[in-house]
1. Mind listing just one residue for me: the one in the stretch 214-238 that is in a helix (DSSP H, G or I) and not charged (D, E, K, R) and, of those, surrounded by the fewest Cβ atoms within 10 Å (Cβ to Cβ)?
2. Of the residues Thr280, Thr263, which single one is surrounded by fewer than 16 Cβ atoms within 10 Å (Cβ to Cβ), within 13 Å of the ligand (Cβ to nearest atom) and not in a loop (DSSP other than H, G, I, E, B)?
3. Would you check which residues across the stretch 360-373 are open to solvent by 40 Å² or more (accessible area, probe 1.4 Å) and outside any loop (DSSP other than H, G, I, E, B) and list them?
4. Test Lys250 against the stated conditions and say whether it is open to solvent by 40 Å² or more (accessible area, probe 1.4 Å), outside the structural domain of Val411 (by TED's automatic domain parsing), outside any loop (DSSP other than H, G, I, E, B) and modelled with pLDDT of 95 or more.
5. If I filter the stretch 126-141 down to residues being among the hydrophobic types (A, V, I, L, M, F, W, C) and within 9 Å of the ligand (Cβ to nearest atom), which single residue comes out as nearest to the chain's Cα centre (by Cα)?
6. For the list (1) under 30 Å from Thr53 (Cα atoms); (2) within 16 Å of the ligand (Cβ to nearest atom), I need the number of the one condition that Leu193 fails.
7. Since Pro216 meets every condition but one in (1) touching a helix residue (DSSP H, G or I) at 6+ places or on another chain (Cβ under 9 Å); (2) within 20 Å of Phe366 (Cα to Cα); (3) without any contact (Cβ under 8 Å) to a residue 60 or more places away in the chain, which condition does it not meet?
8. Answer yes if at least one residue in the stretch 135-146 is over 24 Å from Asn33 (Cα atoms) and part of a strand (DSSP E or B), and no otherwise.
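The values are calculated or read from the model by the stated rules, or taken from the named source; none is laboratory data. Note that this is a predicted model, so its numbers are computed, not measured. Cβ placement follows ideal geometry from the backbone for every residue including glycine, while neighbour counts extend to all protein chains displayed. Accessible surface is based on the protein model in full, side chains and every heavy atom, while ligands, DNA and RNA are left aside. Shrake-Rupley method; radii C 1.70, N 1.55, O 1.52, S 1.80 Å.
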Amino acid sequence: MKYHIISLGCPKNKVDSERFAWVMNSAGWVFSNQPDEADLIILNTCAFIKPATEESLEYLSDIINWKSEKIGRKIILAGCLPGRYSDDGSGGLDDIDLVIGPGHWRKLSSWLGITNQESAQVIGSGSYRYLKIANGCSNGCAFCTIPSIRGKFTANSLDSILSEADLLIQQGAMEIGLVAQDSGNWTQDHTNLTALAEILAKRNPSIWWRLYYLHPLHFPKYLPELFSKYTNIVPYIDMPIQHASDSVLKRMGRKHGVKRIETIMEQLDKAQIDIAVRYTVITGYPGETESDFIKLRDFLGRYKSARHIAAFSWYPEEGTLEYKRTMDKGDAVDDSTASRRLAAISAVGDGLYSNWDLRLEGREVFVLADDKHTGHTKWDAPEVDSVVSFTKSVEPGRIIKVKILESSGAVLMAEPVD
Ligand code: SF4
C-alpha cells in the first residue's frame, strides 16, 4: 500500500510530517511522491492565521475529489486545523478517515494497528533538515493562536535531540535548523540553547547548524562569540520582533520593550563577523498610530546586521485576546493604511538587500548546494531567503566555495571556485 504526505505551514509541521512518514513506513506502507499512485494521503495542515486556514481547506477539498476518483482511497487530516477547531477541523466531513492533532503520531500508529509504539523517529531527505527542540509556547501574545493549538512550551530532552541529530546526518543532512516556537526558551538542567548549539557543533564539525525563532524575550547570550568560535554555527538569527514601538509591543503582550531589541542589535552590529538577521514583523496592528509605524519602519533600516524582513498585516484571529479587544475598541487599522505601511516596510527590505549586495559582491564565501544549480549562503535560510544561482552545475548536498559575481537582493550569481 502506498501513501503520500502534503505538509503545509512551518518547519515544525514538516518535522511532524517526517514523523508520520516514519510511522507509516514502520506499518509497512510505502511512500509515493505521486498522489495518483497513493492509496492514502496525509494532509498536515496549518491554521495559525486566516490565509493559512484557507489554503488548508483548499487542499482538503482537492483531496476529497482525489478520494472520490478511486474506491478504497483514504484521507488523514492532521496538524493545526484539527488542533485549532473544536470540531476537529473536519467540519464533520465523512470523507475523512482519521483526524489527528499537531504531531499526534501515536493516534496514527494505533489506527494502523501498531500497538505500544514507544517512539517515532523522523524520515526524510535533502541537504537541509529541521530538528524540533520543543513544542508549544507559553508566551501568550495577544494576537497569536499557536498556544491554543499546540499547548504550553515543552522542551524536548537533550538525549532525544542528540539522537535525532545523528539520524538526520545519517539521512544525508548537511545543514540542520533548530526549530521551536520560542527556541531561546529551551533549557535542560543548566544547558541552554547556546550550550546545546555548542554541543551539536563540536559533535558534528562538518554540519551547518542554524538557529530559528529567537524571541527577543529569551534571546540567548554570547551568540556573536559562539558564531566566531564555531564557523559551522551559521551567523544567522531569525528573530520575530513583531514591532518596534513600545506601545504596540505592550498591546501585543510581548513582555519587553524596544530597548531590549536595540541592545541585541547593537551587540550583533559590534561583532567582528558578518551576522545576518531576519526580522518578522506585523504592521497595521490595532491601535498602531502613524508615529508607531514610523518607529517600526526606521528601526528596521537602522542596523547593518539586518538582512531580511518578513512582514505581515495583522489578521483578526478568533479566539485571540486581540480579536475580542479590537471588536470592543473598534480601533482596527483600515486596510488601505495597513497595505500602505506593508509596502513601505518591503521598501526598507529592498534597502537592506542593497547594503548587503555591496558587502557580498566579489567575495569568496561558502554555500550549501541544495541542487545542481542553486544553493544558499550562511546568511540565508533555505526556502525563505536569498538563493545562490551557480554559473555551472555542481554536486548537490555539498558545502562548496564560490565567488559572488553579482548580488541583487534575493538572487546571488556565483561561480564555484573549488
Ligand atoms: S511567542 Fe510566538 S508562538 Fe508564542 S505566543 Fe508569541 S507569537 Fe505565538
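1. For the stretch 214-238, the residue satisfying everything is Leu217.
2. Thr280
3. Within the stretch 360-373, Glu364, Phe366 qualify.
4. Taking the combined requirement at face value, the residue satisfies it.
5. Restricting to residues being among the hydrophobic types (A, V, I, L, M, F, W, C) and within 9 Å of the ligand (Cβ to nearest atom), the top hit is Cys137.
6. (1)
7. Answer for Pro216: the failing condition is (2).
8. Yes, the stretch 135-146 contains a residue that is over 24 Å from Asn33 (Cα atoms) and part of a strand (DSSP E or B).
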